[in-house]
Structure formats: C-alpha cells, structure tokens
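Scroll down for the structure; my scribbles are underneath it.
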Amino acid sequence: MSHTESILEGLNEKQREAVTLDSGAALVISGPGSGKTRALTHRIAYLIASSVRPSDILAVTFTNKAAGEIKERVSHLLRSAGLAVKGLPTMGTFHAIGLRVLRVHGQEIGIGKNFSILDSADQQALIKRVVADNGADIQRFKPGPTLGKIAKLKTELVLPDAFVPKGGYEEMLARLYRDYQSRLSAMNVVDFGDLISLPVHLFRNRPDILRGYQERWQHILVDEYQDTSHDQYTLVNLLAKGRGNLFCIGDDAQSIYQFRQADIRNILNFQRDWPDAKIILLEQNYRSTKTILAAAQAVIAHNTGQFPKDLWTENPDGDAVVVTEAFNERTEARDIVRRLEELKGDRYALSDCAILYRTHAQSRAMEEALVQAGMPYRIVGGLRFYERREVKDILAYLRLMQNPTDLVSFERVANVPKRGIGPATVSTIVSLGGDLIEATRRAGSGGTPRSQAKLQSLADLLRGLREARTDKSVRGMIAHIVARTGYREYLKTMKDTMENAEERLENVRELLTVARKYDDAGPDGLQRFLEEVALVQDADTLAGTERAATLMTMHAAKGLEYPVVFIIGMEEGLFPHSRTTYAPQEMEEERRLCYVAVTRAKEHLYVSYAKWRNIYGSRHAGLPSRFLDEMPDALLARRVPDEEAAFEDDTITYE
DNA sequence: ATGATTTTACTTTTT
DNA sequence: GTAAAATCAT
C-alpha cells in the first residue's frame, strides 16, 4: 500500500474529496461530529505524502489544545503510513504565529525584541488608568466595554491615527484609544489584539517582508474558520495570496464567538473572496442518534443565512429528548442527580456525563446538589490557573525582571506582600517613568526617612531579583522570589482560611512544574516561559480522567462530545439570555449556541427548565425557552417530576 | 496606608 | 446572593 493510500484509508467519500483536493482555495463546511479534525489532519498528512515539504505548510488554529491535537495526530498518521519526514509543519494559534512574526520583525515597527504581552486583567487595569487620567466619565467608559471597543477597532485594523470619531462619545474614545496605545508602547508591551493586527499592518506596509512569508508558507490551512475575526481573516488572506493554496474548514452553524469579534461573513463570503474555491460539505454525522441530530437541525432551521446543509447519520434513532419541568433550580439539580445515579448503575460512568449551562452562575445549585449526594464532579472554566492571584503575583515579578518598564506589573507587586507602599507612592514612582526599579531607587532618595527606607528596600529587593536572572533558571527565580519577598508568610497571614493558603501554595508549586520545562533553555528561558504562560491560558492540567461528571458552559463544550448530556436552565431570559433577545443577530448566535450544546450529545439528551428561579437573590417566574418550542414534539418526552420530593427538605420555597 | 463598611453590578471569553 | 470595588474611618 502506498503512503497516500494508507492515509486515505477509512475516510468517507466526502472526507476523501476534501483531503485530496488539488492546489487552490477550498472551503470545507463540516457539520458537528462529521470528522472535522480528521479531515484537517489527513489533509496535512496527505500533502506531505504528496511530497510537499512540511516546512511549506502552515496550519492555524484558535486554541493551543487544537494545535496540540493536530500535531499529535499528524505525526501519528505519518508514522503509521511509514513516512519518515524530517520536521513538522508550522502549527499554532493565530496569536502564536503573530507573536513569531513580531519577534522577528519587532525592530521594523518600533517595538523592539523584548516586549511582553499584557493579559486581559492587565489590560483592564491599564484602561482604568487611562479613563481616569483623561477625565472621562467612568459610567460612560466602563473598563470592559471600552476595552471591547478598542479591541474592535484593532480587529478592524483601524489604527489610532486613522480613527475618525463621530460625535462626542467617539471623540473621547479616540483619545482613550490613542492614549492606551501610546502607553503600551511606552511600557514596551503589546496586548492580545496587537499580536494579530501589528503583523497585518507590517505586511501591508512591507510587501518585501510579506513576500518572504508567502514563499515560506505555500500551503495554509485554517481550523474553525467561522470564528475568525477581520484581522485574522486579513492575515490569512495576505499570506495565502502568494500561492493561493488555502484550505479552510469550519461550520457557520457553530459560530458562537461573535461577541469576541468573530465575523461569520468570513465563512459565508468565502466564494466571493476566492471565486474558484471548491466547497465541500461534510454532512455525515458519526456522533449522535438520529433523534438528537433531528432536534438540533430543527432548532437551527429557524436561523436565516446559513450554508444550506443536510446532516444525516447511520446511527440508531435513539431515545427521545427528555424535557423536564422542574419547580426551581434546586429541584432541577436534584432531579439530575437522581438521573445520574440511575445512569451510573446502568452502562454509563459519571465521566460520560456532561452538564451544560448558559452562565457560570448556574453551576452553584448544581454543585450543591452534587456535593450533597457525594457525587464527584469537575468544573471546566471559571477561575483559571493563570488568573489566580498568587500565580499572577509571581508572574508579575517575573515580567518586571524581564521588562523593567512594565508598569502594570510594577503596580501589582509594589505593595505585595504588604510593605507600606500605597497607591500614592506608587503613582509617584510610575510618573518618573522609564526603568521602574531605577525609578523606585530615585524616589527613595527623597521624602521622609520612613518612606525612604521602605522604597530603598523595595528597590534593593527588585535589583536583587533582577540580578538573579542572569545565573538562575526560571524555576530558581520563582523560588528566589518566594523566598526573598516572604510570599509564603504573606499567604499565611492573609485573611483566608488555612487550607486556602495551602491551596495557593500548591498553585505556586504547579507554576514551578511548568517552569521546569525551561530549565535548560539558557538565557532565553524567562522570555519563553512568559510567552508560554501568556499564550497558554488553559494550562489547567486536564486531569479530569477520574470518574466525575463534567460541568461547564455551553461555550466551553464546543468541540467536545459526551454520551449523556444535560442542558439546564432552558428558560427565556436565561437561554436565550435576556441581554440578547432583542437584536436578531445576537438571537441567531444564541440559537447556534443551542445547536452546539445539543450536538454534544451522543446517546442521551436531557434538557430542563425551572418554573421559578432565583436570579441575584430575587425570585423570577420562568417560561420554557423558545428553543424547546422549536424542537418537534415527536422528538421529545416531556415530564414533570413529583414535586413532593422537591418540598420535603425545602421548607422556605414559598413567595 | 490600611482595615471595615457600603455600594454596585452581574453572558459567553479559544488568545 | 455574592464578590469585587468604591468609600469611609482609623
């Protein structure tokens, strides 16, 4: 058997067609459970088997997890096809690719080589300062939304100078944007948006540099194309305009990140951009029962302007979708726990079950019921590892070592652990600008003897840490920081419980484990470590292999599948969420989210709603979600559990 | 500068 | 209802 034959083995006709396409542009619309990753990985392996050099290939994904999985599967495919190739294609997230370009060409756009990356919380802190310092009304320019508007301008590739404000609000926004951006460069940092938009601007201004990348990446493949934003789209198109070999795969019906600037038009208008593009539809579903698939399709049919597709499956009909009306969120949760108990006795493990909800806040009632029943569970999302306070503190120290002008990091650690340096003093130091360690030292030569001493000791501490950078590994530096700052003692004195301090220390140890990878990296170790933690936010070791049910938002569930899926809180106002009910576009996105949630289920799907629900402390009557009405009755089995069980330990359920 | 108290706000979030 | 942020005493 030839190499290519081996790679094509086991693919269905459509998959094979996608994998073996000739050069040129192609769009593969891949329904849920239709083998999207399979098509993508086999395509890459096929190209290599057809003697394309691996280094000529660029594959772009949205998550590190996806990039890792593709890498893994491609090398496995190549190995089992008996192909010995040296090197693998360039595979990574949009942001990782952008970062690579910036590291090489930082000089050309004046950000140098040693910039660091601001994460979302840091951006938040910075924008607050900018809003305050410009005398903007905090009510009209709340940090989150303001940052959102700036991010949007960046994805639209509008630079501060090119932004033409209309009206007073935008006048101020323009000022804030300009100021925000100039502070970024003053600190020598970039935000996430810059990782994509700066390379695009670079390529537009420097065709010579673009040319080099076009030559280098002759085959470009993009995963989850429906989620690309305008700048990502432009980046891909600029690169692909070289050889014209562009392979995009995705599903317009699963576009659920428009609130994060994903632009569904990128996939819908693919043919306009690439008139000769081949379009292939993967419509066979290997995941769900006929019933589940039919329910999902019935819902999504209420949207307009999707790629027409007709999903089908050879899987059995399966059971009806069970629709449960609960009295309130607690009875809803208890009902699910009872159901989990039954399933557990049957042929399912808890790890086969996922409980999906629209908002994180909904997890609590569910958790309480699970804890009460002594049933193990794990929650995906919520507070992530790199967002934890202790981790951020240590990282801020490290970033300050790498980049002494990073004032966001400086502000974070200046008084952590508490050393009597308040906001007033910090802003004095910051206003001196430049190297903040140096600025601290200079600020320490004035003022009262008392504050002098404090500042000098902070300056000494930071200087000592920075010197440690030259002869210590990242791991050594973290240990050094913890030791020299008295961080351990600080954690213990915090008004937290003891176990909490222990848990926080455990997180610091976990950070050491991550850092170990860079032990042998030499002088670049720190920079590379900081890049990894900036770009890999979900470092939560997916140690969820134990027998536990999984709880997560519907967004977090995208790309996953479970034999048994529960969707809770199917009520108007919650899902679709009240904030989205009026704009048709957002309504359609909610519906796609429902489609995504439903199609996670392989064998059994349970959906539920509550007649009464506590939201922010007050009680609200709930109506079943319109999405339930959109599922044909023939596919549903409705039930209303006996409410007596609900009341027995629930005496204060009255008005 | 810091600890206590009140006010406020609150969808989703691959990087 | 909660948790973070703003405000108020010390």
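Check which residues have an amide H placed less than 5 Å from A:Leu551's amide H, if you skip close sequence neighbours.
The answer is A:Ile355, A:Arg378, A:Ile379, A:Val380.
At a 10 angstrom cut-off on C-beta neighbours, averaged per residue, how do the peptides A:80-88, A:310-318, A:472-480 rank from highest to lowest? Before the final figure, lay out each step's value.
Values: A:80-88: 12.8, A:310-318: 14.7, A:472-480: 19.1.
In decreasing order of mean packing, A:80-88, A:310-318, A:472-480 become A:472-480, A:310-318, A:80-88.
Per-residue ellipticity at 222 nm for chain A, helices alone: DSSP H runs ≥ 4 residues times -39500 (n - 2.57), over residue total, nearest 500 deg cm²/dmol?
Numbers: 29 runs with 323 residues, N = 655.
Rounded to the nearest 500, it is -15000 deg cm²/dmol.
Among A:Lys152, A:Lys166, which comes first, then next, by fewest other beta-carbon atoms within 10 Å?
Details: A:Lys152 15, A:Lys166 8.
In increasing order of surrounding Cβ atoms, one gets A:Lys166, A:Lys152.
Rounded, prolate or oblate: which fits the range A:306-397 when a ≥ b ≥ c are the square roots of the eigenvalues of the alpha-carbon gyration tensor, with rounded for a/c under 1.5 and prolate only if a/b beats b/c? Can you show the working numbers first?
Numbers: a/c = 2.13, a/b = 1.39, b/c = 1.53.
Cα axes put the range A:306-397 in the oblate bin.
If each residue of separation counts as 0.36 nm, what is the full-extension length gain between A:Arg347 and A:Asp642 once their alpha-carbon separation is subtracted?
Values: separation 295, 0.36 × 295 = 106.20 nm, distance 2.57 nm.
So the chain would gain 103.6 nm between A:Arg347 and A:Asp642.
If amide hydrogens are placed 1.01 Å from N in the peptide plane, which non-local residues have theirs closer than 5 Å to the one on A:Ser625?
Excluding prolines and chain starts, which carry no amide H, the hits are A:Glu571, A:Glu572.
Which ³J(HN,Hα) values in Hz, rounded to whole numbers, follow from the phi angles of the range A:2-17 under the Karplus curve 6.51 cos²θ - 1.76 cosθ + 1.60, where θ = phi - 60° and Gly and Pro get x?
Those phi angles translate into 6, 4, 5, 4, 4, 6, 8, 4, x, 8, 7, 4, 5, 4, 4, 4 Hz.
Once you have the Cα-Cα distance between A:Ala468 and A:Ala132, take 0.36 nm times their residue separation minus that, and quote the gain in nm to one decimal.
Values: separation 336, 0.36 × 336 = 120.96 nm, distance 3.63 nm.
So the extension gain works out to 117.3 nm.
Please list, ordered by chain and number, the residues whose modelled amide H lies under 5 Å from the amide H of A:Lys278; skip anything fewer than 5 residues away on the same chain.
Long-range HN contacts for A:Lys278: A:Ala25, A:Ala26, A:Leu27.
About the Cα centre of the range A:333-421, what is the dipole size in debye to 20, counting +1 per Lys and Arg Cβ and -1 per Asp and Glu Cβ, all else neutral? Don't skip to the end; give the middle numbers.
Numbers: 16 positive and 12 negative charges, 46 e Å.
Here the range A:333-421 has a charge dipole of around 220 debye.
Take the alpha-carbon centre of the range A:342-380, take the same for the range A:127-141, and report the distance between them in whole Å.
Using only Cα atoms to place each centre, the spacing works out to 42 Å.
Residue by residue through the range A:68-76, which ³J(HN,Hα) values in whole Hz follow from phi under the Karplus form 6.51 cos²θ - 1.76 cosθ + 1.60 (θ = phi - 60°), with glycine and proline marked x?
Values, residue by residue: x, 5, 5, 3, 3, 6, 5, 5, 4 Hz.
To check you understand DSSP bridge types, tell me what percent of the beta bridges within chain A (both residues inside) are antiparallel, rounded to 5. Before the final figure, lay out each step's value.
Numbers: 7 of 58 bridges.
Of all bridge pairs located within chain A, approximately 10 percent are antiparallel.
Please list, or write none, the aspartates and glutamates whose alpha carbon is within less than 20 Å of the alpha carbon of A:Lys166, excluding same-chain residues fewer than 8 places away.
A:Asp137, A:Glu156, A:Asp179
Using r as the Cβ-Cβ distance of A:Lys492 and A:Asn269, and R0 as 45 Å, what FRET efficiency do you calculate, to the nearest 0.05? Intermediate results must be reported in sequence, preceding the final value.
Values: r = 58 Å, r/R0 = 1.28.
After rounding, the FRET efficiency stands at 0.20.
Read-outs throughout are calculated quantities, based only on the coordinates presented, and are distinct from any laboratory measurement. Everything numeric in this text was worked out from a predicted model, so none of it was measured. Note that we place each Cβ from the backbone using ideal geometry, even for glycine, and neighbour counts take in every protein chain shown.
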